[in-house]
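The values are calculated or read from the model by the stated rules, or taken from the named source; none is laboratory data. Source: prediction; values computed, not measured. So basically every Cβ, Gly included, is an ideal-geometry build from the backbone, and we count neighbours across all protein chains shown.
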């Protein structure tokens with residue numbers, strides 16, 4: 001039996017970017033619906049179900065964030081669609097907001113053809129963004145004097161340690177121990193910067209700020225879950 005094509009909704013106001021995504025995905029078995037406004041996207045969602053929703057955050061008029069907030073509260077329209085956010089810059093606060101809204105991946109613009117294609121080849125959870133790859137290269141040059149072998153040796157030690165850190169942090173969360181979480185996130189912040197993991201570094205920085213003093217809030221728990229997902233993925237990464 002022939003598999004049905006995936007249906008993808010792209011909310012992007014720039015016609016050139018719409019064309020870029022179309023070209024990048026033209027060899028995939030999918031149907032791409034391009035919309036230029038939130039109103040158009042909402043209308044498209046009433047006409048059929050989608051497997052994926054890719055949305056820019058900066059749009060004229062109503063924003064992409066507003067669109068995500070709307071559909072996340074409308075399961076009858078969202079269905080089983082996976083949401084991916086596209087943006088030129090996402091700060092830690094926005095990362096937390098998007099994660100809470102069910103966004104499974106945040107891709108930095110300009111996104112490459114390779115990143116878009118990998119999204120549909122292997123699924124959003126295993127996509128390595130261009131920013132992550134570039135961050136590694138910058139880290140090797142900035143902190144390891146261009147010595148890739150030295151970087152990889154350190155990175156492997158970090159991967160081994162992250163598992164222990166996750167266990168310790170989960171225990172601190174259970175005990176609502178702000179001091180322990182603060183110390184751990186402070187250490188991770190520096191380590192992740194050395195590894196060139198900018199998104200994870202910002203997550204650790206956010207967690208550090210949240211745990212400077214009690215009380216222990218739901219925002220702290222959410223921040224840890226976001227950081228934990230980064231650490232878990234890093235423990236699975238293999239040396240380049």
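Does at least one position in the stretch 106-113 carry a residue that is more than 12 Å from the chain's Cα centre (by Cα), assigned to a helix (DSSP H, G or I) and touching a residue at least 12 places away in the same chain (Cβ under 8 Å)? Steps first, answer last, please.
Step one: filter the stretch 106-113 for residues more than 12 Å from the chain's Cα centre (by Cα), giving 109-113.
Within this subset, residues satisfying the condition of being assigned to a helix (DSSP H, G or I) are 113.
From what is left, the residues that are touching a residue at least 12 places away in the same chain (Cβ under 8 Å) are 113.
So far as the stretch 106-113 goes, yes, one or more of its residues are more than 12 Å from the chain's Cα centre (by Cα), assigned to a helix (DSSP H, G or I) and touching a residue at least 12 places away in the same chain (Cβ under 8 Å).
Is it the case that some residue within the stretch 153-171 is outside the structural domain of residue 94 (by TED's automatic domain parsing), touching a residue at least 60 places away in the same chain (Cβ under 8 Å) and within 21 Å of residue 98 (Cα to Cα)?
No, that holds for no residue.
Give me the helices (runs of 4 or more DSSP H) completely within the stretch 11-76, filtered to those with at least 3 residues that are touching a helix residue (DSSP H, G or I) at 6+ places or on another chain (Cβ under 8 Å) and farther than 26 Å from residue 114 by Cβ, ordered by residue number.
On the way: elements: 15-24, 38-47, 64-72.
The qualifying helices (runs of 4 or more DSSP H) are 38-47, 64-72.
Right, residue 154: within 16 Å of residue 231 (Cβ to Cβ), more than 21 Å from the chain's Cα centre (by Cα) and either outside any helix (DSSP H, G or I) or at pLDDT 90 or above (or both) or not? Show your work before the answer.
On the way: within 16 Å of residue 231 (Cβ to Cβ): yes; more than 21 Å from the chain's Cα centre (by Cα): yes; either outside any helix (DSSP H, G or I) or at pLDDT 90 or above (or both): yes.
Yes; evaluated as a whole, the condition is true for this residue.
Filtering the stretch 196-211 down to residues that are touching a helix residue (DSSP H, G or I) at 6+ places or on another chain (Cβ under 6 Å) and surrounded by fewer than 21 Cβ atoms within 10 Å (Cβ to Cβ), which residue is farthest from residue 135 (Cα to Cα)?
Taking the candidates together, the pick is 208.
It is to be established whether one or more residues within the stretch 162-172 are over 28 Å from residue 209 (Cβ atoms), surrounded by fewer than 17 Cβ atoms within 10 Å (Cβ to Cβ) and under 25 Å from the mean Cα position of the chain (by Cα).
Checking the stretch 162-172: not a single residue is over 28 Å from residue 209 (Cβ atoms), surrounded by fewer than 17 Cβ atoms within 10 Å (Cβ to Cβ) and under 25 Å from the mean Cα position of the chain (by Cα).
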